[in-house]
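Input: a single structure, listed below in structure tokens.
The values are calculated or read from the model by the stated rules, or taken from the named source; none is laboratory data. None of the values given here were measured: they were computed from a predicted structure. Heads up, the Cβs are rebuilt from the backbone with ideal geometry, glycines too, and the neighbour counts pull from every protein chain shown. With ligands, DNA and RNA removed, areas are computed over all heavy atoms of the protein, side chains included. Shrake-Rupley method; radii C 1.70, N 1.55, O 1.52, S 1.80 Å.
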Amino acid sequence: MEKQQQHVELESGNSKIIDDCCKNPEQDKENNKATLFQASVNSIVLLIGLGTLSSAYAIERSGFFGLFVLLITASFYWCGSKLISKCLVHDPSLANYQDVATKAFPSWAPILVRTLFYLRILGTLTGYLVSMGDTLTHIFPSSRINVLGVIRGKALFTCMAFLLVLPTTWFRNLRTISYLTFWCGMSILATIVCLVVAGADYGIGFDQPVAVVNVKNLPLATGVYTFTFGSTPVLPNIQRSMENQGDFPKVMVISFATAITLNVIVGILGAIMFGSQTRPQVHLNMPPHLLPSKIAIWATFLTPVTQFALLLSPIAHELEQLLLPNLSDSRHSPKLGYLACVFLRSMILSGIALAAVLFPYFVNIIQLIGSSLNVTLCIIMPCLFYVKIFGDKVSRMEKAGLCAMVVLSAIAGITGATVSIKNLIHKQ
């Protein structure tokens with residue numbers, strides 16, 4: 001029971017999500033009374049995150065055609081989420097994405113799904129540390145601090161971000177911290193408002209040229225948007241928590257429409273404000289001396305701080321059960337057990353920090369995660385699960401459509417992952 005309650009997933013962005021994919025909603029029947037408004041807000045928070053701030057970079061690099069990529073990506077992710085929802089409705093005994101995977105392919109799907117979710121979490125946290133290092137470098141561009149004459153600049157700021165978030169990962173009771181997840185959505189909205197204000201009232205302007213299409217950079221746009229909408233496997237679980245589950249289609253429309261709109265706003269405004277100087281996270285383009293910029297920069301910096309404990313918890317808890325089965329639950333030496341768990345969590349985060357220092361390229365990291373893990377979890381696997389569970393009830397035309405969606409997604413995913421890996425190697 002404790003293990004189920006502590007599973008946490010990422011998104012996206014937009015990641016920052018309690019992993020309802022591995023949680024049974026029957027445990028919380030008393031709280032399963034979400035209204036249409038509450039469910040819509042929860043869904044919107046899932047679909048916006050740090051990935052949204054990269055929309056401007058995606059549009060500037062790929063051209064305005066990147067908006068079409070955004071719409072196609074969002075529609076494919078919406079379909080994948082809808083398919084999982086249909087599977088849950090078809091069999092009331094199924095509670096979440098993990099149950100659907102087990103029902104469809106019990107021999108291999110559960111292990112694969114959990115592995116992919118955990119890899120996504122580790123990759124997302126690496127991106128978060130890189131983002132925090134980038135933001136600190138932007139705030140203190142002239143800093144000459146170094147450690148032992150070796151660690152300096154962005155690497156030093158990434159290590160400082162690691163030390164800042166490290167204590168938050170030592171908490172095992174996440175109920176209070178989980179409420180901070182709402183801050184992520186609010187901080188992204190605040191950043192967008194500040195972006196508009198900075199452009200309109202502080203003389204930055206909206207007159208930079210942007211290409212119509214840049215074909216060679218379309219894989220980058222695909223990777224950014226597949227990362228941004230990567231929390232869609234959690235959406236069907238929100239349906240279980242609603243007073244009127246028949247309103248869930250409205251929730252889907254509201255949440256996706258809002259997320260798409262925010263990505264379009266950030267993408268267009270950021271691109272025409274900063275042009276070829278647009279950075280992978282648009283808040284890094286904002287002059288740090290302006291008041292709206294300060295609000296946006298610090299809000300974005302603090303956003304990941306609230307997420308590390310939530311996202312790291314499922315991996316840490318699983319390793320604790322595997323490596324420290326006696327110490328973590330020891331009744332005779334609770335302090336020793338707690339210290340052992342703290343050490344294990346610190347080592348996991350240290351590995352993430354090392355990856356962030358070695359590969360400090362935010363947009364390439366999220367492009368790799370989106371193109372490989374998210375496309376598999378959010379589009380390809382839901383199609384396979386749906387066809388397997390419904391069998392002959394799926395029409396030929398529907399199978400043909402799903403097959404086309406899988407093929408196109410696989411091509412886009414492989415292309416995006418290949419490009420991101422090449423860029424990472426090249427930058428190294």
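What the table below lists for this structure:
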{"quantity": "Cut-off of 10 Å, at most 15 other beta carbons, DSSP loop: longest stretch of the chain lacking such trypsin sites (Lys or Arg not before Pro)", "calculated": "145-330"}
{"quantity": "Pair Ser93, Leu358: separation of 7 Å Cα→Cβ label points (nm)", "calculated": "4.5"}
{"quantity": "GNM flexibility winner over the chain from Ile411, Ile268, Ile59 (Cα, springs under 10 Å)", "calculated": "Ile411"}
{"quantity": "The chain: calculated mean residue ellipticity at 222 nm from DSSP helix runs of at least 4, using -39500 (n - 2.57)", "calculated": "-21000 deg cm²/dmol"}
{"quantity": "Filtered chymotrypsin sites (Phe, Trp or Tyr not before Pro), region 74-122: DSSP coil and at most 16 other beta carbons within 10 Å", "calculated": "Trp108"}
{"quantity": "Solvent-accessible area per residue for the chain (1.4 angstrom probe, square angstrom)", "calculated": "43"}
{"quantity": "Gaussian network model of the chain, Cα within-10 Å springs - most flexible of Leu83, Leu323, Leu46", "calculated": "Leu323"}
{"quantity": "Whole-number percent relative contact order across region 34-427, with pairs defined as alpha carbons under 8 Å at least 6 apart", "calculated": "35"}
{"quantity": "GNM result for the chain, Cα springs below 10 Å: residue of Ile297, Ile365, Ile389 fluctuating most strongly", "calculated": "Ile389"}
{"quantity": "Extreme residue, positive dipole direction of the chain, given options Pro92, Pro325, Ile389 (C-beta unit charges)", "calculated": "Pro325"}
{"quantity": "The chain - percent of accessible surface contributed by carbon and sulfur, probe 1.4 Å", "calculated": "67"}
{"quantity": "Fraction of alpha-carbon pairs over 17 Å apart in region 318-420 - percent", "calculated": "69"}
{"quantity": "Charge dipole of the chain about the Cα centre (unit charges at C-beta), most positive-ward option of Gln428, Leu136, Val224", "calculated": "Gln428"}
{"quantity": "Label zone at Ala211 (point 7 Å along Cα-to-Cβ), backbone N below 15 Å, region 46-66", "calculated": "57-66"}
{"quantity": "The chain, dipole about Cα centre (Lys/Arg Cβ +1, Asp/Glu Cβ -1), debye to the nearest 20", "calculated": "600"}
{"quantity": "Intensity falloff of region 161-306 expressed as log10 I(q)/I(0), Debye formula with alpha-carbon point scatterers, at q = 0.14, 0.15, 0.22 Å⁻¹", "calculated": "-0.88, -0.98, -1.40"}
{"quantity": "If the convex hull is drawn through the Cα atoms of the chain, its volume per residue in Å³", "calculated": "146"}
{"quantity": "Met242 long-range amide H proximity, modeled H, under 5 Å", "calculated": "Ala34"}
